[in-house]
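To start, the structure under review is shown below, and the notes come after it.
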Amino acid sequence: MPELPEVETVRAGLEPVLRGRRFVHVEQRRKDLRFPLPERFAARLTGRKVAKLDRRAKYILIHLNDGEVLAVHLGMTGRFSVSRKGDRDAAQLGEFAHEHGNDAKHDHLVFTMSGGAVVTYNDARRFGYMTLIPEREIAHDAFFRGLGVEPLSDELSPAYLSSRARGRKSDLKAFLMDQRIVAGLGNIYVCEALHMARIAPGRAGGRISRPRLGRLAVAVKAVLLEAIGAGGSTLRDYVQPNGELGYFSAKWRVYGREGLPCPECRTAIRRRTDSGRSTFFCPSCQRT
Ligand SMILES: [Zn+2]
């Protein structure tokens with residue numbers, strides 16, 4: 001499942017080919033992804049212009065210049081590739097941690113933009129979805145209502161974390177992964193942030209001191225920005241044919257590194273599994 005930095009990398013990759021461009025042609029090859037696509041989806045998009053792109057949690061928001069937004073969630077295996085009219089090779093936006101191939105039979109939507117970019121949405125397992133929402137209704141929309149603060153915004157502050165954590169008996173990892181508290185954080189970056197902040201993943205959220213929650217807020221932003229930077233630095237080449245984006249170049253501190261030395265103290269990283277989800281941590285740096 002793409003995590004926030006991957007989604008942000010895809011957003012940044014789409015920006016130069018979509019922003020200020022019109023949908024010249026929209027080829028819709030099925031009626032649904034995870035959910036039905038909007039009525040007359042292709043016809044409604046055709047001819048409309050993209051004003052800007054941004055992101056909320058793990059949604060890419062493609063703002064059209066007439067007040068409506070095309071919201072895209074990549075689900076598990078959704079991905080975009082970009083080619084130019086007449087090119088055979090498409091550059092894929094973001095090399096994902098979990099590969100599911102790129103079989104053309106899973107190309108469900110093809111957007112041809114003014115400016116010549118052909119943007120293809122491929123989704124093997126079809127957990128992704130797209131919808132059109134009036135801009136002013138986003139905050140109340142079922143997909144967005146109730147989402148917590150953006151982790152990279154100033155709203156994720158020590159004061160916010162401490163007010164939300166107060167009295168919580170559930171562990172800090174579950175607390176951080178609760179989308180109603182912080183939107184868009186997943187397993188990988190929660191493990192990474194807890195390690196950077198030197199906090200044991202199993203500690204009860206309500207029992208962490210304010211200064212440590214402050215360190216945690218800083219760590220969440222730092223690990224996300226580092227990953228986005230790593231993705232972004234490879235995006236310069238994305239229009240090149242065969243543009244393999246060397247994205248997650250094993251830069252994780254603890255995630256996926258069971259038995260390997262902790263980057264801080266060289267103690268072997270441990271893995272614990274609860275309800276099918278792995279937690280990676282350093283038993284020495286993250287003792288309490
Ligand atoms: Zn360590």
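Each reported figure results from applying straightforward, stated rules to the coordinates on display, with no laboratory input. The structure presented is a predicted model; accordingly, all values stated were derived computationally and were not measured. Note that we place each Cβ from the backbone using ideal geometry, even for glycine, and neighbour counts take in every protein chain shown.
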Open item on the list: What are the ³J(HN,Hα) couplings of region 119-125, residue after residue, when phi is run through the Karplus curve with 6.51, -1.76, 1.60 and θ = phi - 60°? Round to Hz, x for glycine and proline.
Closed with: 10, 10, 9, 10, 7, 5, 9
TODO: Would you work out the relative contact order for the chain, in percent, from Cα pairs under 8 angstrom that are 6 or more residues apart?
DONE: 19
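Compute the length gained on full extension between N65 and A139: take 0.36 nm times their separation in residues and subtract their Cα-Cα distance, giving the result in nm to one decimal.
On the way: separation 74, 0.36 × 74 = 26.64 nm, distance 1.86 nm.
Additional length available on full extension: 24.8 nm.
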Open item on the list: Just to check I understand the Karplus step: with θ = phi - 60° and J = 6.51 cos²θ - 1.76 cosθ + 1.60, what whole-Hz values come out for region 147-152, glycine and proline as x?
Closed with: 5, x, 6, 6, x, 8
TODO: Identify which of A230, A71, A268 has the largest mean-square fluctuation in a Gaussian network model of the chain, with springs joining Cα atoms closer than 10 Å.
DONE: A268
Open item on the list: Once each part is reduced to its C-alpha centroid, what is the distance from region 33-81 to region 150-222 in angstrom?
Closed with: 30
Task: Dipole magnitude of the chain about its Cα centre (Cβ charges: Lys, Arg +1; Asp, Glu -1), debye to nearest 20 - done: 920
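So if the hydrodynamic radius of the chain is defined as the Kirkwood radius over C-alpha pairs, what does Stokes-Einstein give as its diffusion coefficient at 25 °C and 0.890 mPa s, in µm² per second?
Answer, rounded: 122 µm²/s.
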- [ ] Would you mind telling me which residue in T267, T112, T77 has the biggest mean-square fluctuation in a Gaussian network model of the chain, where springs connect alpha carbons within a distance under 10 angstrom?
- [x] T267
Task: Pairwise label distance in nanometres, K169 with K85, each label 7 Å out on the Cα-Cβ vector - done: 6.4
Open item on the list: Nearest 500 deg cm²/dmol is fine: what mean residue ellipticity at 222 nm does the chain get from its DSSP H runs of n ≥ 4 alone, each adding -39,500 (n - 2.57), divided by its residue count?
Closed with: -7500 deg cm²/dmol
